[in-house]
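What follows draws every value from the coordinates through simple rules; no lab data is involved. Quantities reported herein were computed from a predicted structural model and do not represent experimental measurements. So basically every Cβ, Gly included, is an ideal-geometry build from the backbone, and we count neighbours across all protein chains shown.
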Amino acid sequence: MASLNVYSTLVVLFLTCGAVMATKENDQIIKENNCETKIGLPCALEAFTGIFETWTISTKCCDELVGLGKVCHSALVKRTLENPLFKDQSPATIIAKSIQTWNNCLALIDSPSPSA
């Protein structure tokens, strides 16, 4: 439960203030694309917890994540990895999970819903 609180705090930090250690490139992408305004806090928390931990993401949040756009998604994940709190995380593993999450959400949103 403590890790959930850490992720909640980080998501709020990234969506409202930006990370102190963020690179100019990621910050510029995020700013130019208004990335921080394209996904709600609950879904941002769910998505990032899904990527940095091992949680599933709901269809609703997959829809918001896909609506965020791949460029924003990638920039936000990379900016998160720059935070010292994630120094023990493997960037290659997190980026791979990020891509997998993106692809899973894209497939879920693009697939036709079952007939009633």
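Quick notes on this one:
- If you filter region 20-38 down to residues that are assigned to a loop (DSSP other than H, G, I, E, B) and closer than 18 Å to residue 94 by Cβ, you find that the one that is nearest to the chain's Cα centre (by Cα) is 22.
- If you go through region 50-63 and pick out every residue that is surrounded by fewer than 20 Cβ atoms within 10 Å (Cβ to Cβ) and in a helix (DSSP H, G or I), you end up with 3.
- Residue tally, condition among the small types (Gly, Ala, Ser) and under 18 Å from residue 86 (Cβ atoms), over region 25-62: 3
Listed here are the residues, each with its yes/no results for (1) within 15 Å of residue 52 (Cβ to Cβ); (2) in contact with a Phe, Trp or Tyr (Cβ under 7 Å, 6 or more places away or on another chain); (3) crowded, with 16+ Cβ neighbours inside 10 Å.
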{"site": "75", "(1), (2), (3)": "no, no, yes"}
{"site": "79", "(1), (2), (3)": "yes, yes, yes"}
{"site": "94", "(1), (2), (3)": "yes, yes, yes"}
{"site": "99", "(1), (2), (3)": "yes, no, no"}
{"site": "107", "(1), (2), (3)": "no, no, no"}
{"site": "110", "(1), (2), (3)": "no, no, no"}
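- Odd one out for residue 38 among (1) basic (Lys, Arg); (2) surrounded by 15 or more Cβ atoms within 10 Å (Cβ to Cβ); (3) within 15 Å of residue 106 (Cβ to Cβ): (3)
- Filtering region 72-115 to residues that are in contact (Cβ under 8 Å) with a residue 60 or more places away in the chain and farther than 21 Å from residue 31 by Cβ leaves 84, 85.
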